[in-house]
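What follows is one structure encoded as structure tokens, with my remarks underneath.
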Amino acid sequence: MNDARKDTQEQADFRQYCRDWLNANAPEPPQVRLPQTPLEIMTTEQMDYLRPWQKAAHEAGLVGADYPEDCGGGGRNDCQRIANQEMHAHGTPFFPNVIGLGMAAPTVFHHGSEELKRELLPGLLSGEDIWCQGFSEPGAGSDLASVQTFAERDGDNWVINGHKVWTSLAHFAEWMILLLRTDKSDKYNGLTYFVVPIRSALGNGVTVRPLIKITGETGFNEVIFEHLVVHDRYRLDDVGKGWQVAMTTLLHERGAGTLVTPTAGGMRNTKGESTSRAAMASALIALATKAHRNGKLASEDPVIRDKLMSLFIRQEGLRQSQRRAQVQALTDHPMRIPLQGKLLMTEIQQESAALALEIEGMASSLYLADENAPESGKWPLSYMNSFGMTIAAGTSEVQRNILGERVLGLAKSK
């Protein structure tokens, strides 16, 4: 809920500024089909539409609002969530640099040197430098601490060899956040965290190969490192502290907002209230009032109506939980709601898409290229994409284990 009544004077002025700017500067509709999320950006045409939008919003102060000015931010206090709320309300496109904004920026800010922050954050916030994440490997997906891509020290440099996989946006990325093994004898303390320029090293130590998903999209990749030389200045925190730094990244990937605020005391979720769930509910209702099942509208089917209401109740429960997270007295554990939010949000998205296919009936077998596909085939695409969301940033099973062990204090599963 965008409760402007609680704004300070600075925040109220900024909210009005955001509204005025968005009314005058929101981008025109794209001439190309955009993917459902920024993680599926495939083509230069899609990126050429989205990157200028992020740059314009950053120049206007709607991106990085709470970061220090010398890091490319606006130097404001708790204003990013307001910009997020107003952009959601205005229905603006997503930003293409989602990994940079949501994961790399807070990690660099909290663990990088002052020199590195000033060098990297301005281009990250503006979208001029796209970022990707080098965590998963063919033999280390959900078990992140088992990564084997190795960095060997050579004076002031590190030489990197290995293989990363499921790397979204690597085909556009200038930079990568990269978790590497620097000591083979210690699983957790043998990891070190780097930020690595990969675009400039293509063909000279870095190879990016696209991976084709079940959807037919190629938004993610595998990345091969062969004797890539990186200076020690691009290391974040101490050697052997990579696991702790990675937890900062995963904290945001698994629960914090897309656009984050640096705070002296740690991380703050500034995502703001998204209209996506309300839009999803409206879209499902609209679909049910058009689709026919057994000779009548799906909206008249009592089973469909019951499933719709059950889904909307879950969506509203998630929304109210996220509101509760803003009240410290109602928050019994700092990570309970962010962690369960990622779990529930991705599973509700999957259930919503599955229900849409049930509403469409046999027509749900028609995909994007079929001119007879209901709503241009977006629901089959959404359903197939949803499986990636329940796997990324830790599978739903891993997420439940984390909640059980770290929030509820249950014994580790065997």
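Consider region 1-13 and keep the residues that are assigned to a helix (DSSP H, G or I) and in contact (Cβ under 8 Å) with a residue 40 or more places away in the chain. The one that is nearest to E316 (Cα to Cα) is Q11.
Among the residues of region 391-414, those that are in a helix (DSSP H, G or I) and more than 22 Å from the chain's Cα centre (by Cα) comprise G404, E405, R406, V407.
Does L344 satisfy the condition of being touching a residue at least 40 places away in the same chain (Cβ under 8 Å), of a type in the set (A, V, I, L, M), surrounded by 15 or more Cβ atoms within 10 Å (Cβ to Cβ) and assigned to a helix (DSSP H, G or I)? Answer is no for this residue. Pairing residues of region 202-227 that are closer than 17 Å to C132 by Cα with residues that are loosely packed, with under 15 Cβ neighbours inside 10 Å and among the polar types (S, T, N, Q), at Cβ distances under 9 Å and at least 6 apart in sequence or on separate chains, gives V206/S200.
For A298, the requirement of being surrounded by 13 or more Cβ atoms within 10 Å (Cβ to Cβ), among the aliphatic types (A, V, I, L, M), out of contact with any Gly (no Cβ under 7 Å at 6 or more places or on another chain) and within 25 Å of A354 (Cβ to Cβ) is met.
Say whether the condition of being in contact (Cβ under 8 Å) with a residue 40 or more places away in the chain, touching a Leu at 6+ places or on another chain (Cβ under 9 Å) and among the polar types (S, T, N, Q) is met by at least one residue in region 302-324. The answer is no; no qualifying residue exists.
Find the helices (runs of 4 or more DSSP H) located wholly in region 80-188 whose residues include 1 or more that are among the β-branched types (V, I, T), closer than 28 Å to I391 by Cβ and touching a residue at least 12 places away in the same chain (Cβ under 8 Å), and list them. Result: 105-111. Filtering region 108-126 to residues that are surrounded by 24 or more Cβ atoms within 10 Å (Cβ to Cβ), more than 17 Å from H231 (Cα to Cα) and within 17 Å of the chain's Cα centre (by Cα) leaves L124, L125. Please tell me if L339 is surrounded by 15 or more Cβ atoms within 10 Å (Cβ to Cβ), closer than 25 Å to L287 by Cβ and in the same structural domain as A291 (by TED's automatic domain parsing). No.
E217 passes every criterion in (1) in a strand (DSSP E or B); (2) within 30 Å of A369 (Cα to Cα); (3) not basic (K, R) apart from (1). Residue pairs whose Cβ atoms lie under 7 Å apart, sitting 6 or more positions apart in sequence or on different chains, and linking a residue in region 14-32 that is under 12 Å from G61 (Cα atoms) to a partner that is among the polar types (S, T, N, Q) and outside any helix (DSSP H, G or I), are L22/T92. Considering each residue of region 308-316 in turn, none proves to be crowded, with 17+ Cβ neighbours inside 10 Å and either at positive phi or among the acidic types (D, E) (or both).
Yes/no per residue for (1) within 30 Å of G216 (Cβ to Cβ); (2) loosely packed, with under 13 Cβ neighbours inside 10 Å; (3) modelled with pLDDT under 95:
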{"position": "N25", "(1), (2), (3)": "no, no, no"}
{"position": "Q31", "(1), (2), (3)": "yes, yes, yes"}
{"position": "L34", "(1), (2), (3)": "yes, no, yes"}
{"position": "L39", "(1), (2), (3)": "yes, no, yes"}
{"position": "D66", "(1), (2), (3)": "no, no, no"}
{"position": "N77", "(1), (2), (3)": "no, no, yes"}
{"position": "R81", "(1), (2), (3)": "no, no, yes"}
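The conditions of being farther than 30 Å from T44 by Cα, charged (D, E, K, R) and surrounded by 23 or more Cβ atoms within 10 Å (Cβ to Cβ) are met by R235. Counting the residues of region 214-243 that are small (G, A, S) and more than 30 Å from S386 (Cβ to Cβ) gives 2. A Cβ distance below 6 Å, combined with a sequence gap of six or more or placement on separate chains, defines the contacts here; from region 40-66, residues that are outside any helix (DSSP H, G or I) reach residues that are buried (at least 20 other Cβ atoms within 10 Å of the Cβ) and among the polar types (S, T, N, Q) in the pairs A65/Q80; D66/Q80; D66/T261.
Looking across region 22-39, the residues that are within 19 Å of S126 (Cα to Cα), part of a helix (DSSP H, G or I) and out of contact with any His (no Cβ under 8 Å at 6 or more places or on another chain) come down to N25, P38, L39.
The values are calculated or read from the model by the stated rules, or taken from the named source; none is laboratory data. What you are looking at is a predicted structure, and each value in this text was computed from that prediction instead of being measured. Counting neighbours? That spans all protein chains shown, and the Cβs are built from the backbone with ideal geometry, glycine included.
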